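Here is the structure we will look at.
The values are calculated or read from the model by the stated rules, or taken from the named source; none is laboratory data. Values in this document were obtained by computation on a predicted structure and should not be read as measured data. Cβ atoms come from the backbone with ideal geometry, glycine included; neighbour counts cover every protein chain shown.
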Amino acid sequence: MDDRSRKRIARVRIHSGLPRQAPGSDKTTEETVRRSPALPESARLYRRFSNEYGYEFYLLRKSDIKIRRAIPEDAPQIALLMAKSLRDSLPFLPVIHTAEEDLQYIKSKVLPNNQVFVAHNEQDQIVGFIAFDEEWVNLLYLLPEVMSLGIGSRLLNIAKAQRKRLLLWAFQKNEIARRFYLKHGFTIISETDGAHNEEREPDAQFEWIAPS
């Protein structure tokens with residue numbers, strides 16, 4: 001597994017909206033929430049990320065989300081979250097790694113070599129995470145159900161508070177991620193044709209420098 005290529009997949013997907021109906025889900029509960037006129041703007045319907053069956057639906061608000069340092073036991077949740085976010089937000093990318101390879105990458109490369117923080121709900125289910133080292137934001141992912149709640153900003157601000165300069169890669173087609181990073185003070189310093197990343201997809205390098 002090419003760790004250099006892995007550094008080129010730091011990205012964020014941000015959008016609002018309800019998740020699709022899952023097998024075995026409670027349609028009545030979903031429709032009741034969807035039609036509720038009292039739905040707070042800061043709330044989203046969150047699908048428990050456990051397996052492809054038996055989803056639960058319930059409201060998730062900004063105040064429900066806490067952030068802590070990752071621990072080794074978080075590796076399975078982090079690997080699944082990364083794969084789901086990639087699949088949902090960047091469907092044009094080829095699937096290169098198996099679930100087992102993703103898990104080993106998180107265990108052996110990401111957690112030992114990065115500062116890793118996870119965003120979690122009251123049940124300690126991880127809904128987002130960031131991994132950064134001395135210079136690079138290597139990974140930043142969120143579950144689609146919690147986009148637009150400011151969680152990506154909170155995670156990124158942790159890295160910015162601890163570093164004077166940060167670099168990261170985002171695919172050129174990922175307009176939402178590009179806008180997100182530009183909004184947070186990053187600038188594009190180079191673009192490539194993707195020849196040196198695993199996906200062979202054109203990307204852009206971003207830089208952030210702390211105000212003096």
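Which condition breaks for Leu149 when tested against (1) modelled with pLDDT under 95; (2) surrounded by fewer than 19 Cβ atoms within 10 Å (Cβ to Cβ)?
Against the list (1) modelled with pLDDT under 95; (2) surrounded by fewer than 19 Cβ atoms within 10 Å (Cβ to Cβ), Leu149 comes up short only on (2).
Hey, could you check segment 163-212 for residues that are over 24 Å from Pro94 (Cβ atoms) and of a type in the set (Phe, Trp, Tyr) and say which is surrounded by the most Cβ atoms within 10 Å (Cβ to Cβ)?
Phe186
Among the residues of segment 66-98 satisfying the criterion of being at pLDDT below 95 and of a type in the set (Gly, Ala, Ser), which is nearest to Glu198 (Cα to Cα)?
Ala83
Go through segment 97-212 and tell me which strands (runs of 3 or more DSSP E), entirely inside it, have 3 or more residues that are more than 22 Å from Ile65 (Cβ to Cβ), under 16 Å from the mean Cα position of the chain (by Cα) and of a type in the set (Val, Ile, Thr).
Of the strands (runs of 3 or more DSSP E) lying wholly inside segment 97-212, none has at least 3 residues that are more than 22 Å from Ile65 (Cβ to Cβ), under 16 Å from the mean Cα position of the chain (by Cα) and of a type in the set (Val, Ile, Thr).
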